[in-house]
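Below is one structure, written out as C-alpha cells; comments come after it.
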Amino acid sequence: MPIPKSEVVSDVWRDGIFANKVLFCTGGAGSICSAQVRAMVYLGANACILGRNVEKTESMARDIATARKGAKVLGLGAVDVRDAKAMEQAAERCVQELGSIDFVIAGAAGNFLAPMDQLSANAFKTVIDIDVIGSYNTVKATMPYLKRSAHQHQTNGGPTPTTGTGGRIIFVSATIHYTGAPLQTHVSAAKAGVDALAHAVCIEQGPWGVTSNVIAPGPIGGTEGMERLAKHSDVANSQKRIPAGRWGTVKEIADATVYLFSDAGNYVNGEILVVDGGAWHRSGTN
Ligand code: HXC
C-alpha cells in the first residue's frame, strides 16, 4: 500500500514538474532522504537511491516506486559513500539505467551520541569520513552529469548563470553546529564541513549552471536521529521551546527539497535552508 501523496508532499506542487528527470540520492533508505525521494517521484522524477545495507536499500526502492505508475527507482545497496570508486560506478550505473543525473541529494550521514573525551580518534574520523568525504565523493562522481543536465537547461549554450531546472545539488546538514551540542562534537564538525563544501561548490561550479544548496533539518519526528536524541531529552519541554511548538515532519523537508529543485528555486545558490520551526534561534536561551 503506497504512502499517500498527501502525506509526502504538499498539494501546492504540480504533478509532472520533474518528468524525465533523475534524482541520485545517497542515504536514500533513511527516514528523511526516503521522504525527499518519494516526493520527487510523486512529482514525476525517476530515482537512484544508494545505501550500505542491500536489503534495506532495495526494498525502499521498490516501495518508493509504488508512488507513481511507471516510476523507475533503482536501489543500489552495498555502496559506501566513503569509497570514491564505488560512487563513480554507482553514478555510471544510474545514467546507464535511467538516462541522466539531474538532481543529487548528498544525504548519507553517520551519527551516534558520545562525549568527546570518550570518543576514539577513529570514531570521530568515521563520522567526518561519511559526512564530509562521502558528500565530496557523491558530488565529484555526479558532477559531469550534473553539468550536462544544467547545460541542457541553459539558454546560451555556454557557462552562464543558472536559467532552469537541472544540475542541482542538495546537501543534507543540520543545525547543531550553529550553537554546539553536547555528545555531538564529531557530528557538529562534520556538518560544518558539509556546509562549507556546499558553499565552495556553489562558487566553483555555479558558472556551469550547477546549484549547490543545503537543507538543514531541525528536530524532525519519526526519524532515526530524533529517536536516538529523544532518549536523552525531555521531549515535551524541548517541543515547547521550539517557536513552532512541535517537531517538524519529513513532509516539510520534502517540500523544501521540491522548492529548491523546482523552477521556483532557479536563482537560489549557495544557501542553507533551515527547516526547523525556528528552533535553533532558541538554542541556549531560556
Ligand atoms: C562511541 C562509537 C559508537 C558509539 C561507533 N563508534 N559507535 N563510539 N559511541 N555509539 C566507533 C567504533 O567503536 C569505531 O571506533 C568507530 O566508531 C567506527 O565504528 P564502525 O562501527 O566500524 O563504523 P561503521 O560500520 O562505518 O558505522 C558508522 C557509524 C554507524 C557512524 C558508527 O552508526 C552508522 O553506520 N551510521 C549510519 C546510519 C546513521 O547513523 N544514520 C543516522 C543519521 S541521523 P574504534 O576506535 O572502536 O575503531 C543524522 C542526524 C544528524 O545524521 C543530526 C543530529 C541532530
All positions within the range 102-123 that are under 17 Å from residue 172 (Cβ atoms), in a loop (DSSP other than H, G, I, E, B) and more than 6 Å from the ligand (Cβ to nearest atom): 107, 108
When every residue in the range 152-177 that is more than 19 Å from the chain's Cα centre (by Cα) and crowded, with 18+ Cβ neighbours inside 10 Å is compared, the one modelled with the highest pLDDT is 154
In the range 1-57, what residues are in contact with a Cys (Cβ under 8 Å, 6 or more places away or on another chain) and not in a loop (DSSP other than H, G, I, E, B)? 22, 23, 24, 25, 26, 33, 36, 37, 47, 48, 49, 50
All conditions in (1) in a loop (DSSP other than H, G, I, E, B); (2) within 11 Å of the ligand (Cβ to nearest atom); (3) hydroxyl-bearing (Ser, Thr, Tyr) are true of residue 126 except (1)
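Here is a yes/no grid of residues against (1) surrounded by 19 or more Cβ atoms within 10 Å (Cβ to Cβ); (2) touching a Phe, Trp or Tyr at 6+ places or on another chain (Cβ under 6 Å); (3) part of a strand (DSSP E or B):
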site: 214; (1), (2), (3): yes, yes, yes
site: 228; (1), (2), (3): no, no, no
site: 232; (1), (2), (3): no, no, no
site: 237; (1), (2), (3): no, no, no
site: 254; (1), (2), (3): yes, no, no
site: 274; (1), (2), (3): yes, no, yes
site: 277; (1), (2), (3): yes, no, no
Failed item in (1) closer than 21 Å to residue 108 by Cα; (2) touching a strand residue (DSSP E or B) at 6+ places or on another chain (Cβ under 9 Å), with residue 206 passing the rest: (1)
Which of (1) buried (at least 19 other Cβ atoms within 10 Å of the Cβ); (2) in a helix (DSSP H, G or I); (3) not basic (Lys, Arg) is the odd one out, the single condition residue 242 does not satisfy? (2)
Could you tell me which of the residues 263, 255 is under 27 Å from residue 5 (Cα atoms), at pLDDT below 95 and within 20 Å of the chain's Cα centre (by Cα)? 263
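The values are calculated or read from the model by the stated rules, or taken from the named source; none is laboratory data. Bear in mind that the values here come from a model prediction, so they are computed numbers and not experimental data. Note that each Cβ is placed from the backbone with ideal geometry, even for glycine, and that neighbours are counted across all protein chains shown.
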